[in-house]
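Computed from the coordinates by the stated procedures, all read-outs in this text should not be read as laboratory data. Owing to the predicted nature of the structure, the values given are computational and were not obtained by experimental measurement. Here the Cβ positions follow ideal geometry from the backbone for every residue, glycine too, while neighbour counts run over all protein chains shown.
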Amino acid sequence: MKIFVSDTPSEASKLAAAEFKALIRLKSDAVLGLATGGTPLLLYRELIEACGRKEISFKKIRTFNLDEYVGLSASNPRSFRSFMDENLFNHIDIERENIRVPNGISPDFSATCAEYEAAIKKAGGIDLQLLGIGSDGHIGFNEPMSAFSSRTRIETLTPKTIADNAKFFDGNPEFVPTRAITMGIATIMDSRSIALLAFGESKADIVARMVCGDIDESVPASVLRRHSDVMVFLDTAAASKLPSSILIRA
Ligand code: F6R
């Protein structure tokens, strides 16, 4: 695990964006794993701008999002699919058929989950997976005590995650769906490389547990230390509880 620390979220996002841009230039049909939430917004802006300047093209890029709320259709303005359209897909030259976000309103979730796993495999696997981290240590919506062997499935969100995500639902936790369809931990770990971003003081404790605590299911993100190619991009606040000897100042 390489841990890069920048002064600000904006600088950290630029650094992470450079990894995505380098991959896209090297492999024009790369498979990207994407995340929603507040953390990737600046990174997405960097990619949109680079695409606008024609430095990179998403024409042949394929994407798989980590998760979607159960009960929200793709057209629901609160769905992760709408979030991705607004914050990335509508502003780049990606082909719509190359975008995959789990279906939150499937009539048969077990078939949908199996099909999502199969689609990732058929695409050749994920080259670079983007992750945020929940304040409870979740990656995707794999909440604490999710099995490290888990695959795409339905997960029940913890009260902490529901409270954290109320910011996207008019601040009202009662509006936040209680379940999500998420790539599993093993699905995420199959990615060839992983970039995890975390910003702000509110993430400092969980980042320290991910990096320095035990590797076990109580902090799902701790599993990433078993992956051979993980880059962690932090701002100073999120890195504030880590020993400085393990940080790469960027
Ligand atoms: C989003 C996702 C989540 C978020 C995490 C952090 O698709 O899978 O794991 O990355 O909840 O969210 P923010 O970035 O809003 O702090």
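Details
- Distance between the stretch 1-69 and the stretch 92-157 - C-alpha centres, whole angstrom: 18 Å
- Computed extension gain for Leu41 through Phe148, at 0.36 nm per residue and net of the alpha carbon distance, reaches 35.8 nm.
- Calculated Rg and Dmax of the stretch 1-79 using C-alpha coordinates, Å: 14.1, 39
- Greater than 23 Å apart at Cα, pairs in Lys2/Lys59; Lys54/Lys203; Lys27/Lys54; Lys160/Lys241: Lys2/Lys59; Lys54/Lys203
- The orientation-averaged projection of the convex hull spanning the C-alpha atoms of the stretch 41-155 amounts to 7.8 square nanometres.
- On the principal axes of its alpha-carbon atoms, the chain has extents of 50, 43, 35 Å, going from largest to smallest.
- Listed peptides 88-97, 74-83 appear in the order 74-83, 88-97 once ranked by packing, highest mean of other Cβ atoms within 10 Å at the front.
- Residues Asp108 and Phe169, FRET efficiency given R0 of 22 Å [Cβ-Cβ distance, rounded to 0.05]: 0.25
- Amide H within-cut-off set for Leu196, under 5 Å, with H built and near neighbours excluded: Leu131, Met231, Val232, Phe233
- Highest-first packing order for the peptide set 39-45, 128-134 is 128-134, 39-45, based on the mean count of other beta carbon atoms within 10 Å.
- Residues of the stretch 23-43 with amide N under 13 Å of a point placed 7 Å along Cα→Cβ from Ser10: 42-43
- Ellipsoid fit via the Cα gyration tensor, the stretch 83-206: semi-axes of 23, 18, 17 Å, each the root of five times an eigenvalue, largest first.
- Asn87-Asp214 FRET efficiency (beta carbon distance; Förster radius 25 Å; 0.05 resolution): 0.10
- Sites Arg25 and Glu97, calculated FRET efficiency, Cβ-Cβ separation with R0 25 Å, nearest 0.05: 0.65
- Rule-of-thumb Rg ratio for the stretch 137-250 [Cα; 2.2 N^0.38 Å; N residues]: 1.10
- Relative packing of peptides 192-204, 109-121 - highest average C-beta neighbours within 10 Å first: 192-204, 109-121
- Under 11 Å, Cβ to Cβ, from His227 - net charge with Lys/Arg +1 and Asp/Glu -1: +1
- Point-to-point label distance, Lys59-Asp205, nm (Cα→Cβ direction, 7 Å offset): 5.0 nm
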